[in-house]
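Just so you know, all these numbers are worked out from the coordinates, no wet-lab data involved. These figures come from a predicted structure and were not determined experimentally. Cβ sites come from the backbone with ideal geometry, for glycine too, and all protein chains shown count toward neighbours.
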Amino acid sequence: MELNDEQIERYSRHIILEQIGAAGQEKRLSSKMLIIGAGGLGAPAGLYLAAAGVGAIGIADMDRVDLTNLQRQVIHHTTDIGKEKVQSAADKMRAINPDVNVITHRMFVNAANIRGLIRPYDFVIDGTDNFAAKFLINDACFFESKPFSHAGILRFQGQIITVVPGSTCFRCIFDAPPPPGTIPSCSQAGVLGALAGVLGSLQATEAIKYVLGIGQLLTNAVLTYDALTMQFRKIDIARNPRCRLCGKEPEIDELTDEPLPACDLRGRKTHERAANG
Amino acid sequence: MKLTINGQEVDGVASNTVTDLLVEQKVKTPVYVSVELNGEILDRNQLDSATLKDGDRVEFLYFMGGGQWN
Ligand SMILES: [Zn+2]
């Protein structure tokens, strides 16, 4: 697609970058990205991808905005409390950039629906908040040959991994979620709001690099960030030949849902629920 | 014995196995940790038997959800 005058102005600070240019911006306007989870990671990722002029952005989440989200989920405002997160996020992305086609998917992702969900997209951002969803996204992207960005945040620390077909996958590193009996009681873990901004922005960076084909992706490595010591470390991780998903003798040949307890604000175990953003 | 643990040189390590090292390094929730020894991810059932020698590089990689489970 050809850029019009307004688009040339809007994206001028990207177009001026040697590695992007007008051709890169046009490429981006025709790309489709999916963000699973409109939370702490999905918020900055969604805002930056919309601002950057990604053609279509899918956003999947089942939750509604609540007051405890606002400390870090910067795409949602106080006036959005009670709204569907996908709607709240879509409103902000459209407000930033009317060029973007935002597609809302109000759903819990699960083994039955995730492959169909991700299939039309070029790149997937895992912005979910639980182990079950993270394994599900890894496995679904493997079976659908989709590149994705994994990130996790906890307290003052975060990590991010980019997985493309043929590179080290999440299961190469973490074989399976901890068995349910070994999970400590449901105590609430805090997280620094700005940390989510760092990691979610890194995920958006990887997504944009992927569609433009520029730089080196964070594949076959984990980048860890410690906000207290201000240390970023990149740890090389080779593909694991014993990986049960992508190894030499794979055992996983279909998607399964990993049930995990959810926790309420006071750290009590609540209902079992499907993986969700 | 001197090891490099998460990029930092640590002197005077007494543990002979990775399982003991997790205790010695006071890793609170070992079930949430995956261990890379000299560039290779260890299976969970190798942690007891994997022996450490001077100069080994060890990385503790933590599961991180989104802050929902501790
Ligand atoms: Zn793998």
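In chain A, helical runs assigned H by DSSP with n ≥ 4 each contribute -39500 (n - 2.57); averaged across all residues and rounded to the nearest 500, the mean residue ellipticity at 222 nm is -9000 deg cm²/dmol. The residues A:35, A:160, A:15, A:8, when put in order of fewest to most other Cβ atoms within 10 Å, stand as A:8, A:15, A:160, A:35. Going from the fewest other Cβ atoms within 10 Å to the most, the residues A:33, A:107 appear in the order A:107, A:33. Could you tell me how far the Cα centroid of the range A:15-50 sits from the Cα centroid of the range B:3-70, in Å? The distance from the Cα centre of the range B:3-70 to that of the range A:15-50 comes to 37 Å. The alpha-carbon positions of the range A:1-139 define a convex hull whose volume is 111 Å³ per residue. The charge dipole of chain A, taken about its Cα centre with unit charges on the Cβ atoms of Lys, Arg (+1), Asp and Glu (-1) only, comes to about 460 debye. Taking other Cβ atoms within 10 Å as a rough exposure proxy, A:88, A:12 sort from fewest to most as A:12, A:88.
Taking a quarter of the surface of the Cα convex hull of the range A:17-263 gives a mean projected area of 13.4 nm². Add +1 for every Lys or Arg and -1 for every Asp or Glu among the other residues with Cβ under 12 Å from the Cβ of residue A:239, and state the total. For residues surrounding residue A:239, the net value is +1. The residues packed around residue A:8, meaning those with a beta-carbon under 13 Å from its beta-carbon, carry a net charge of -4 if Lys and Arg are +1 and Asp and Glu are -1. Projecting the Cα atoms of A:59, A:225, A:243 onto the dipole axis of the range A:17-263, where Lys and Arg carry +1 and Asp and Glu carry -1 at the beta carbon, places A:225 farthest toward the positive end. Per-residue ellipticity at 222 nm from helix content only, as computed over chain B with -39500 (n - 2.57) for each DSSP H run of at least four residues, stands at -2500 deg cm²/dmol.
Using the Karplus relation 6.51 cos²θ - 1.76 cosθ + 1.60 with θ = phi - 60°, the per-residue 3J(HN,Hα) values for the range A:122-129 come to 8, 8, 10, 10, 7, x, 7, 10 Hz, with x marking Gly and Pro.
Taking 51 Å as R0, compute the FRET efficiency from the Cβ-Cβ separation of residue A:5 and residue A:238 and round it to 0.05.
With R0 = 51 Å, the Cβ-Cβ based efficiency is 0.55.
Taking a straight Cα-Cα cut-off under 18 Å and skipping sequence neighbours fewer than 8 places away in the same chain, the lysines within cross-link reach of residue B:2 are B:26, B:53.
Shielding of peptide B:57-64 by partners, expressed as the average count of other chain Cβ atoms within 10 Å per residue Cβ, is 6. For a straight C-alpha distance cut-off of 17 angstrom, the lysines reachable from residue A:92 (same-chain residues fewer than eight places away being disregarded) are A:83. Look at the alpha carbon pairs under 8 Å that are at least 6 residues apart: their mean separation over the length of the range A:107-231 gives a relative contact order of 29 percent. When the Gaussian network model of chain A links Cα atoms closer than 10 Å, the mean-square fluctuations of A:159, A:203, A:216 top out at A:216.
In order along the range A:92-108, the Karplus-derived 3J(HN,Hα) couplings, from 6.51 cos²θ - 1.76 cosθ + 1.60 at θ = phi - 60°, round to 5, 5, 5, 5, 5, 8, x, 5, 7, 8, 9, 10, 9, 10, 7, 6, 7 Hz, and Gly and Pro are given as x.
Taking every residue in B:29-36 and counting other chain Cβ atoms within 10 Å of its Cβ, the average works out to 5. Residue by residue along A:164-176, Cβ atoms of other protein chains within 10 Å of the local Cβ number 2 on average. Cross-link reach is defined here as a Cα-Cα straight distance under 17 Å, omitting same-chain residues fewer than 8 places apart; for residue A:248 the aspartates and glutamates meeting it are A:139, A:175, B:40, B:43.
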